[in-house]
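See structure below.
The values are calculated or read from the model by the stated rules, or taken from the named source; none is laboratory data. Since the structure is predicted, the reported quantities are computational estimates derived from the model, not experimental observations. Positions of Cβ are backbone-derived with ideal geometry, glycine not excepted, and every protein chain shown enters the neighbour counts. All accessible areas refer to the heavy atoms of the entire protein, side chains included, with ligands and DNA or RNA removed. Shrake-Rupley method; radii C 1.70, N 1.55, O 1.52, S 1.80 Å.
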Amino acid sequence: MPSFTQPGTVRSYQREGNTLLLDCDGPVVAITPLTDRIIRVRLAPEGAFEPRRSWAVARSDEEFPGAGVEISTTEQTLVLETSTLSLRIDLPSSKLTFFDARQQPFCADEIGLQWQSDGAGARQVACSKRIEAGEHFYGFGERTGKLDKLGQRLVNWTTDQYQYGPCTDPLYIAIPTFLALRPGLAYGVFFNNTWHSRFDMGAQQPGVWRMEADGGDLDYYLVYGPTPEEVVAGFGQILGTTPLPPRWSLGYHQSRWSYKTEADVRQVAAEFRRRGIPCDTIHLDIDHMDGYRNFTWNGANFPDPRTLIADLQRDGFRVVTIADAGVKVDPDYPLYADGMERNMFLRRSDGEVFQGFVWPDDSVFADFMRPDVRAWWGEHQHDFVQQGISGIWNDMNEPTVFAIPFSQGGGDPGTIDLDIAQGPACDRATHAEVHNLYGSAMAQTSYEGLKHSRGERPFVLTRAAYAGIQRWSACWMGDNASRWEHLEMAMPQLMNMGLSGVPLVGTDIGGFYGNASGELFARWMQLGLLMPFSRGHSAADTERHEPWVFGPEIEEICTSYLRLRYRLLPYLYSLCWESSRSGAPLLRPLLYHFPDDSATYQLHDQLMLGPSLLAAPIYQPGREHRHVYLPAGDWFDWWTGEQITGPTHLLAQAPLERMPLYVRAGAIIASGPELSYTDEKALDPLTLDLYPGDGAFSLYEDDGFSFDYQQGQLCLTDYRLRKTGERLSFEIGARAGSYTPPRRQLVVRLHGASRRTAADYPGAQYDAERGVLTLLLDDDGQSRQLDFVLDEAAELGDMRGR
């Protein structure tokens, strides 16, 4: 291809609706303020914008609220201003530079918009921008390595990476978004291009970051913060947010490749209940099928699946089954035969149906870009789901195509021919353009089919995905390994996924390939306490990885952390409610809440679950202590109750049974009773742990499975802590919404309480060693206020609740 070309001098400009069109000596640049913080930039090299699909975005430009914009010009510049930022366009070069309210530049063009064409219709597009001093980069979807991606080159191309390592790129998920951060300023970019693309964050040219794609349009969305929280909320506006998941999906999931017989499944389920280890879901991998045929059962090993599933449900278990992208070529197989008759599979340019090798050997692939194909797949999924299946797990949907038949070894994985056309007749595209979308389209298909079949909130899990996948599915990080470096890598993987707009994420606890030691499994299960999607999974040729196989000590540790997770479900479920509205991740790096503290920028091995809980997992063998950084403010050690003032570095004690865990001052942590599965009991008692400081928390409740909350069948209770000197006020708001929880007791536990505090509440329990005051109240849904004196020396008086 020839060298890249840039737009010329801006000769004129005009406004069309909310869009500013710049005539750059032939090429046209379109600038559209979608909100006062989100601006879309597009390039038309030939001077006209063709109608284009935007598969990933959740709404059209017209559905955004728009922004009040003022435009001014000088001889050299054109300035566009919203209420929060400004964009200066250098007229001679057509370069763009954004500025915040303090006139700090960001996302400034170094070379700017570029393209090159070969004359035969092939095009590459690119844009290079300046890296500002002290700037760091996060997000980019699923990546190996540490949290900060400054100095790295990252490829967006969904790929099956067999036994990937700490430096492998790309992986199964391609999300071309990132967050840039320096003290006082954060912004984000979504590169709206589905082709094979790349980010270079200063690897080739220090001080310059570049995005480029092997086809399509140069089209990006700029999201201004100035905080990471506001940037991620902007991604939510563009790409959509995660619908509220079914509550059971937040419980523990147990899986293996594979539980091959009904007897094996029953035994695993019985062991969880007999041992008192909480678990909600059992996943069935490919060996439950008849010869790897989707939506079938191996009749010899699963002779009566309907009864099996019904028995499991009576014991509190859900069943999730796998569905792969490849459909076995077999004229007697209904999914294949019906799909061939109705023309549902991808075809080569010569009209022949494309065939490739996957688990069933010769396989064909549905065209999930077509709405009629998605509906057809849902019909076949429906008949299977009606046997009692609660969720669908999509795999091999990068899509993966083996080099040789699986029965002969499979070989290195590849993918579908790039020139194959996909999509409806009115909107055709080659696989080269929509390859990255295949996994997301399959997940959308599974989601829509489950919603129709069950009438409840669907649970879908996918391995491959593109930006916007959060609207359809949870994601796991693919085939990791039972190695300590994979446990370490899991933390930045999950946090960067959250910063990319995808909150329901997890990794295989204990690792998929290889054999975990008991120590590794226990430490991974401690991280599993925090993972939004928490599942143990292991490969067929490994030792078993259920919590009890490592002996009584490891079993006890795993049980204790799973019980803690289940007690924290009210807190976790409320975070899901917040995420469904704003796009906020559940798992967050410390920089999310402390963006002006540059000490947090490289912390890849500490996480926050919501705004209040900070964890520092152990990820090296033989360690019983580790370094922990606590940012500014007061913190409480979860295990000892010790109050610590930050910013500070400390050496945390971490024997095998303990993961360092801290609570932020002002936190209100909601928890419930011990459970064997999520729906075993009502939320009674509701426990609220109060940690003195200023803070607030909204407890979200509903029936846990239906869509009735969308019509107001929900209960929202706001709580607030206010600390003034040594006085602490705890306000309980009146319930809002038309869902009424069952009558229950409210347990209020105040941490950091003194004997003087306890004296004001006769009959309350007081733990002098930990400084915890416990009050028992009737949770009647009415507003009330409790006031406390925290210190013996504080002013005395009547501080009882009123």
Flag if Val155 is outside any loop (DSSP other than H, G, I, E, B) and touching a His at 6+ places or on another chain (Cβ under 9 Å) | yes
Can we say Tyr438 is among the aromatic types (Phe, Trp, Tyr), open to solvent by less than 10 Å² (accessible area, probe 1.4 Å) and in contact with a Ser or Thr (Cβ under 6 Å, 6 or more places away or on another chain)?
-> no
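Would you please name the residue that is nearest to the chain's Cα centre (by Cα), looking only at residues in the range 593-643 that are of a type in the set (A, V, I, L, M, F, W, C), under 22 Å from Tyr561 (Cα atoms) and open to solvent by 20 Å² or more (accessible area, probe 1.4 Å)? Break it down stepwise before answering.
Taking the range 593-643 first, the residues of a type in the set (A, V, I, L, M, F, W, C) are 594, 599, 603, 607-609, 613-616, 618, 628, 630, 632, 635-636, 638-639.
From the residues that got through so far, the ones that are under 22 Å from Tyr561 (Cα atoms) too are 607-609, 613-616, 618, 628, 635-636, 638-639.
Imposing the further condition that a residue be open to solvent by 20 Å² or more (accessible area, probe 1.4 Å) reduces the set to 638-639.
Numbers: Trp638: 26, Trp639: 28 Å.
Checking each candidate, the answer is Trp638.
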Residues (touching a strand residue (DSSP E or B) at 6+ places or on another chain (Cβ under 7 Å), under 17 Å from Ala186 (Cβ atoms) and of a type outside the set (Gly, Ala, Ser)) located in the range 211-231 = Tyr220, Tyr221, Leu222, Val223, Tyr224, Pro226, Thr227, Pro228, Val231
With respect to the numbered conditions (1) over 15 Å from Gln355 (Cβ atoms); (2) part of a loop (DSSP other than H, G, I, E, B); (3) not basic (Lys, Arg), which one is the sole condition not fulfilled by Tyr438?
-> (2)
Can you pull out the residues in the range 359-375 that are surrounded by 20 or more Cβ atoms within 10 Å (Cβ to Cβ) and part of a helix (DSSP H, G or I)?
-> Val373, Arg374
Give the range 657-671 a look and list any residue that's open to solvent by 10 Å² or more (accessible area, probe 1.4 Å), touching a helix residue (DSSP H, G or I) at 6+ places or on another chain (Cβ under 6 Å) and in a loop (DSSP other than H, G, I, E, B), or say none.
-> Glu657
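Residue under question is His283, and the condition is that it be open to solvent by less than 10 Å² (accessible area, probe 1.4 Å) and closer than 30 Å to Arg581 by Cα; does it hold? Give the steps one after another, and end with the answer.
Working: open to solvent by less than 10 Å² (accessible area, probe 1.4 Å): yes; closer than 30 Å to Arg581 by Cα: yes.
Yes.
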Filter the range 458-494 down to residues that are of a type in the set (D, E, K, R) and either more than 24 Å from Asp324 (Cβ to Cβ) or assigned to a helix (DSSP H, G or I) (or both) and give me whichever is most open to solvent (accessible area, probe 1.4 Å).
-> Arg483
In the range 296-335, anything within 16 Å of Ile392 (Cα to Cα) and either of a type in the set (Gly, Ala, Ser) or part of a loop (DSSP other than H, G, I, E, B) (or both) is listed as Thr296, Trp297, Phe317, Ala323, Ala325, Gly326
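Is it true that some residue in the range 304-326 is under 35 Å from the mean Cα position of the chain (by Cα), over 27 Å from Ser249 (Cα atoms) and surrounded by fewer than 23 Cβ atoms within 10 Å (Cβ to Cβ)? Steps first, answer last, please.
Step one: list which residues in the range 304-326 are under 35 Å from the mean Cα position of the chain (by Cα), which gives 305-326.
Within this subset, residues satisfying the condition of being over 27 Å from Ser249 (Cα atoms) are none.
No, there is no match, as no residue in the range 304-326 is under 35 Å from the mean Cα position of the chain (by Cα), over 27 Å from Ser249 (Cα atoms) and surrounded by fewer than 23 Cβ atoms within 10 Å (Cβ to Cβ).
Based on what the data block shows, is Ala403 in contact with a Gly (Cβ under 9 Å, 6 or more places away or on another chain) and surrounded by fewer than 20 Cβ atoms within 10 Å (Cβ to Cβ)? Step through it out loud before you land on a result.
On the way: in contact with a Gly (Cβ under 9 Å, 6 or more places away or on another chain): yes; surrounded by fewer than 20 Cβ atoms within 10 Å (Cβ to Cβ): yes.
It is true that Ala403 is in contact with a Gly (Cβ under 9 Å, 6 or more places away or on another chain) and surrounded by fewer than 20 Cβ atoms within 10 Å (Cβ to Cβ).
Does the range 530-564 hold any residues that are part of a loop (DSSP other than H, G, I, E, B) and either touching a strand residue (DSSP E or B) at 6+ places or on another chain (Cβ under 8 Å) or basic (Lys, Arg) (or both), and which are they? Explain how you work it out, then say what you get.
Of all residues in the range 530-564, those part of a loop (DSSP other than H, G, I, E, B) come to 530-533, 537-546, 551.
Leu530, Met531, Pro532, Phe533, His537, Ser538, Ala539, Thr542, Arg544, His545, Glu546 - these are the residues of the range 530-564 that are part of a loop (DSSP other than H, G, I, E, B) and either touching a strand residue (DSSP E or B) at 6+ places or on another chain (Cβ under 8 Å) or basic (Lys, Arg) (or both).
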Kindly provide the set of residues from the range 454-486 that are more than 27 Å from Arg59 (Cβ to Cβ) and of a type in the set (S, T, N, Q), ordered by number.
-> Asn480, Ser482
Among the residues of the range 406-423, which ones are part of a loop (DSSP other than H, G, I, E, B), modelled with pLDDT of 95 or more and open to solvent by 20 Å² or more (accessible area, probe 1.4 Å)?
-> Thr415, Asp417, Leu418, Asp419
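Quick check on my filter: what residues within the range 180-233 are of a type in the set (Gly, Ala, Ser) and either at pLDDT below 95 or assigned to a loop (DSSP other than H, G, I, E, B) (or both)?
Residues satisfying the conditions are Gly184, Gly202, Ala203, Gly207, Gly215, Gly216, Gly225.
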Quick one: is Leu746 at pLDDT 95 or above and either out of contact with any His (no Cβ under 7 Å at 6 or more places or on another chain) or of a type in the set (A, V, I, L, M, F, W, C) (or both)?
-> yes
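Report whether or not Gly145 is at positive phi and in contact (Cβ under 8 Å) with a residue 12 or more places away in the chain.
On the way: at positive phi: yes; in contact (Cβ under 8 Å) with a residue 12 or more places away in the chain: yes.
When the stated conditions are applied, Gly145 passes them.
I want to confirm something. Restricting to the range 377-405 and keeping residues that are β-branched (Val, Ile, Thr) and assigned to a loop (DSSP other than H, G, I, E, B), which single residue is nearest to Ile309 (Cα to Cα)? Give the derivation first.
Kept after step one, since they are β-branched (Val, Ile, Thr), are these residues of the range 377-405: 385, 389, 392, 400-401, 404.
Remaining after also requiring assigned to a loop (DSSP other than H, G, I, E, B): 389, 400, 404.
Values: Ile389: 7, Thr400: 30, Ile404: 36 Å.
Taking the candidates together, the pick is Ile389.
Looking only at residues in the range 336-356 that are open to solvent by 60 Å² or more (accessible area, probe 1.4 Å) and of a type outside the set (D, E, K, R), which one is farthest from Ile392 (Cα to Cα)? Don't jump to the end; show me each part of the working.
Start the filter on the range 336-356 by keeping residues that are open to solvent by 60 Å² or more (accessible area, probe 1.4 Å), which leaves 340-343, 347-350, 352, 355.
Filter again for of a type outside the set (D, E, K, R), leaving 340, 343, 349, 355.
Numbers: Met340: 23, Asn343: 24, Ser349: 32, Gln355: 24 Å.
For the range 336-356, the residue satisfying everything is Ser349.
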Tally of residues being charged (D, E, K, R) and assigned to a loop (DSSP other than H, G, I, E, B) across the range 498-524 | 0
Among residues belonging to the range 121-146 that are outside any loop (DSSP other than H, G, I, E, B) and open to solvent by less than 10 Å² (accessible area, probe 1.4 Å), point out the one that is nearest to His604 (Cα to Cα).
-> Tyr138
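Look at Leu651 and say whether it is surrounded by fewer than 16 Cβ atoms within 10 Å (Cβ to Cβ), part of a strand (DSSP E or B) and touching a strand residue (DSSP E or B) at 6+ places or on another chain (Cβ under 6 Å).
yes
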Reported set for the range 255-278 where residues are out of contact with any Pro (no Cβ under 9 Å at 6 or more places or on another chain) and buried (at least 22 other Cβ atoms within 10 Å of the Cβ) is Ser255, Arg256, Tyr259, Val265, Pro278
